[in-house]
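Here the structure comes first, spelled out in C-alpha cells, and everything after it is commentary.
Please treat every number below as a calculation from the coordinates, not as lab data. Since this is a predicted model, take the numbers as computed values, not measurements. Positions of Cβ are backbone-derived with ideal geometry, glycine not excepted, and every protein chain shown enters the neighbour counts.
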Amino acid sequence: MAVDREHVLKEAAGLLTRKATAGMDEIAKAAGISRATLHRHFAGRDALIKALEELGIRQFTEALDAARLDEDDAVSALRRLITASEPVAGFLSFLYTENQLFEGEEVNDGWARLDARIHALFRRGQEEGDFRIDLTPVWLTEALYGLIGAGAWAVHEGRVARRDLDHSIAELLLGGIRRSMEK
C-alpha cells in the first residue's frame with residue numbers, strides 16, 4: 001500500500017499543532033501508519049520538521065495569494081490576510097516556534113520570501129498614511145505572527161471562539177498600528 005506523503009504531513013501538522021512535543025510513535029499513529037513506515041519517509045524528527053516547514057511555507061504562500069495583498073488599501077489587504085491565514089494558524093504557530101530548532105538555507109529562504117511580502121504590505125500601509133511609521137515593517141510582521149499564533153492556541157484551548165479569531169486579531173493589531181490623525 002502506497003503511503004500518501006501529503007496525508008502524513010497533514011496529520012503530523014495537526015497533531016503537532018495540538019501537542020508540539022509529540023514523538024514519532026504518536027505522529028505515526030495519528031497518520032495511520034507504523035513507526036517504521038514513518039521512518040522510511042522521514043529519517044527522524046528533523047527530517048519531518050523540514051518537510052513540515054516546506055508544507056507550511058507552501059500553505060502560507062497560498063494564504064498570501066488568496067489575500068490579494070496588492071488589491072485595495074493596506075488595511076483591507078491585512079484583514080484579508082488574517083482571514084486567509086486562519087485555517088493554518090495553528091500550524092504556523094507550531095512552525096514559528098519549532099523553526100528555531102532547524103536551520104536550513106532553503107527553509108530560511110522560503111520564510112524570507114513570505115516575510116518580504118508581508119513587510120511590503122506594512123510598508124505600503126505606512127506610505128498610504130494608514131500605519132504608524134515609528135514601527136518597522138519587520139516588527140509589525142513579527143507582531144502579526146505572534147497574534148496569529150497566540151490566537152490559534154487560545155482557540156485550541158477553548159478560551160476564544162474560532163468565529164471571533166479573525167476579528168480579534170485584526171482589531172488588536174490595527175488598533176496598535178493605525179496612524180492617529182490627532183497631534
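Structural remarks
- Extension reserve of the residue 119-residue 61 stretch, reckoned as 0.36 nm per residue once the Cα distance is removed: 19.5 nm
- For the range 1-59, the orientation-averaged shadow of the C-alpha convex hull comes to 3.6 nm² (one quarter of the hull surface).
- For the chain, modelled as a GNM whose springs connect Cα atoms under 10 angstrom apart, the maximal fluctuation among 93, 85, 76 occurs at 76.
- Remark: the range 38-48, residue by residue, has Karplus-estimated 3J(HN,Hα) of 4, 5, 5, 8, 9, 4, x, 4, 4, 5, 5 Hz, where x stands for each Gly or Pro and the curve is 6.51 cos²θ - 1.76 cosθ + 1.60 at θ = phi - 60°.
- Distance between the pseudo-spin-label points of residue 36 and residue 150 (7 Å out from Cα toward the beta carbon): 4.7 nm.
- If R0 is 35 Å, the Cβ-Cβ spacing of residue 139 and residue 163 corresponds to a FRET efficiency of close to 0.75.
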